[in-house]
Amino acid sequence: MIPVTKPFLPSLTAFQSYVESIWTRQWLTNNGPLVNEFEREMKNHLNLSNFLFVTNGTVALQMAIHALDLKGEIITTPFSFVATTSSIVWQGCKPVFVDIDSETLNIDVTQIEAAITPYTTAILATHVFGNPCDIEAIEAIAKRNRLKVIYDAAHCFGVNYNGKSIFSYGDVSITSFHATKLFHTIEGGGIFTKNEHLLDKINVMRNFGYSGTDTFSEVGTNAKNSEVHAAMGLCNLKHIDEILENRRELYNFYKEHLSDCDLQFQVIQTNTDFNYSYFPVIFESEEAMLDCKLQLEKRSIFCRRYFYPSLSALPYINKKDMPICDSIAKRIMCLPMYHTLSKIDRALIVQIIIDTQQSFIRNRIAIQALESTSDPIVTAI
Ligand SMILES: *Cc1c(COP(=O)(O)O)cnc(C)c1O
């Protein structure tokens, strides 16, 4: 069976030696030494001074919205994981969708200003599949309209934009270290902000609002992460170059072999060091995508419709047509991407896709010929 993803696993011995140190100290959570070490190493690795390790990316989003004290409407993308929208609603704000760009799959910056109202307080944009948004345009719009900017950078570990970590942009950036992501801590998330005051506030918020023994300065929640999760992060961080290199190879293999297939690929932003973490393919129709997905499933290869459905179709959202997103969400799927995907399996995946696409196109041409022909014999069939 070939699933769409498998978590990266470091050597068991490396993980065990961290676990033994946890046993020796008997310190499992609450700002322990491994959490501190992980935060330090992460800041070094990313060359950033402000990072907080939290329980997951969803809580990171919720805390970002809460800490910025956002109210009213938040402009966001309908093409993302459900947590991007649900976090806005969870915090009592209203998501206002702006359609996406059909090539980058990120929020279409040319449509943002038309969606701003007197109630708008922020833009929450996702760097979809690790592809940086049009950051300059978003910052300019935010400045002109006095809006805050949060980036959902859950897919972005290893991405640099203009030579800096992608996590350094926006008022706040968040990421996810969930097991399905390129870099993971089993469960986990990160919050990044240049604003020291905001960072202190979120630091207090993630620990119930404790600002000292028996003092609470904020409404808090419990978003601290544990020593065991930090241990997994420390192990995996040692392999990050190898993980990124492996993804790049796999991505380029897919791209090269599928280039003649009449499929559309995501266009990556310029000035980007990309992480190649997903391989989304967009078919000409939902029917073509489903046909290909089925042929792969017959050989126990499981792709994922990601992201589907469009978030504008969520039951707790006022329905609004997002023509580009609605159309792409129906036609897109992500191919298997994981560290241990073998060369033989990669080749099998592309072969099945090529064969299915060819027979799909042959059928279409035959049907078109039938429909357009005036030859009485063919028409009679
Ligand atoms: C995974 C993901 C999240 C949520 O992260 P968790 O750590 O799983 O809570 C949020 N946004 C996007 C775009 C994601 O892919």
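The values are calculated or read from the model by the stated rules, or taken from the named source; none is laboratory data. What you see is a predicted model, and the numbers here were worked out from it, not measured in a lab. Don't worry about glycine lacking a Cβ; one is built from the backbone with ideal geometry, like all the others, and counts go over all protein chains shown.
Would you please name the residue that is farthest from G188 (Cα to Cα), looking only at residues in segment 1-35 that are assigned to a helix (DSSP H, G or I) and hydrophobic (A, V, I, L, M, F, W, C)?
To start, the set of residues in segment 1-35 that are assigned to a helix (DSSP H, G or I) comprises 12-25, 33-35.
Of the ones still in play, those that are also hydrophobic (A, V, I, L, M, F, W, C) are 12, 14-15, 19, 22-23, 34-35.
On the way: L12: 20, A14: 20, F15: 17, V19: 18, I22: 18, W23: 21, L34: 14, V35: 11 Å.
Step by step, filter segment 1-35, then rank; the result is W23.
With the requirement that a residue be closer than 19 Å to W90 by Cα and aliphatic (A, V, I, L, M), what does segment 302-337 give you? Working first, answer last.
Filtering segment 302-337 for residues closer than 19 Å to W90 by Cα gives 310-319.
Once the filter is applied, which keeps residues that are closer than 19 Å to W90 by Cα and aliphatic (A, V, I, L, M), segment 302-337 yields L311, A313, L314, I317.
Residues are listed down the side, and each one gets a yes or a no for (1) more than 9 Å from the ligand (Cβ to nearest atom); (2) in contact with a Lys or Arg (Cβ under 6 Å, 6 or more places away or on another chain):
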site: G57; (1), (2): no, no
site: L68; (1), (2): yes, yes
site: E73; (1), (2): yes, yes
site: T77; (1), (2): yes, no
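Does I344 fit the bill of being at negative phi, in contact with a Cys (Cβ under 8 Å, 6 or more places away or on another chain) and surrounded by fewer than 18 Cβ atoms within 10 Å (Cβ to Cβ)? Please lay out each step first, then the result.
Numbers: at negative phi: yes; in contact with a Cys (Cβ under 8 Å, 6 or more places away or on another chain): no; surrounded by fewer than 18 Cβ atoms within 10 Å (Cβ to Cβ): yes.
Answer is no for this residue.
Only one of these is among the polar types (S, T, N, Q) and under 19 Å from the mean Cα position of the chain (by Cα): T221, T272, T215. Name it.
On the way: T221 fails: under 19 Å from the mean Cα position of the chain (by Cα); T215 fails: under 19 Å from the mean Cα position of the chain (by Cα).
Selected residue: T272, the only one of T221, T272, T215 that is among the polar types (S, T, N, Q) and under 19 Å from the mean Cα position of the chain (by Cα).
So which residues in segment 279-304 are within 17 Å of I365 (Cα to Cα) and either in contact with a Phe, Trp or Tyr (Cβ under 8 Å, 6 or more places away or on another chain) or part of a helix (DSSP H, G or I) (or both)? Give the steps one after another, and end with the answer.
Here is the first cut: in segment 279-304, the ones within 17 Å of I365 (Cα to Cα) are 283-285, 287-288, 291.
Hits for segment 279-304 are E287, A288, D291.
Matching residues to (1) modelled with pLDDT under 95; (2) farther than 18 Å from L263 by Cα:
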{"position": "Q295", "(1), (2)": "no, no"}
{"position": "M322", "(1), (2)": "no, yes"}
{"position": "C334", "(1), (2)": "no, no"}
{"position": "L341", "(1), (2)": "no, yes"}
{"position": "I344", "(1), (2)": "no, yes"}
{"position": "S359", "(1), (2)": "yes, no"}
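Could you run through segment 79-132 and say how many residues are polar (S, T, N, Q) and over 18 Å from the mean Cα position of the chain (by Cα)?
Count: 6.
Quickly run through segment 117-145 and pick out the residues that are touching a Phe, Trp or Tyr at 6+ places or on another chain (Cβ under 9 Å) and of a type in the set (G, A, S).
A125, G130 - these are the residues of segment 117-145 that are touching a Phe, Trp or Tyr at 6+ places or on another chain (Cβ under 9 Å) and of a type in the set (G, A, S).
Away from the ligand (no atom under 16 Å from the Cβ), outside the structural domain of T270 (by TED's automatic domain parsing) and in contact (Cβ under 8 Å) with a residue 40 or more places away in the chain: which single residue out of E139, E103 fits that description? Lay out the reasoning, then the answer.
Values: E139 fails: in contact (Cβ under 8 Å) with a residue 40 or more places away in the chain.
Unique residue meeting the criteria: E103.
Using the structure shown, decide if S173 is in the same structural domain as G57 (by TED's automatic domain parsing) and surrounded by 21 or more Cβ atoms within 10 Å (Cβ to Cβ).
yes
How many residues are part of a helix (DSSP H, G or I) and more than 20 Å from the chain's Cα centre (by Cα) if we restrict to segment 322-350? Give the derivation first.
Initially, segment 322-350 is screened for residues part of a helix (DSSP H, G or I), giving 323-331, 343-350.
With the extra rule that they be more than 20 Å from the chain's Cα centre (by Cα), the set shrinks to 323, 343-350.
Number of matching residues: 9.
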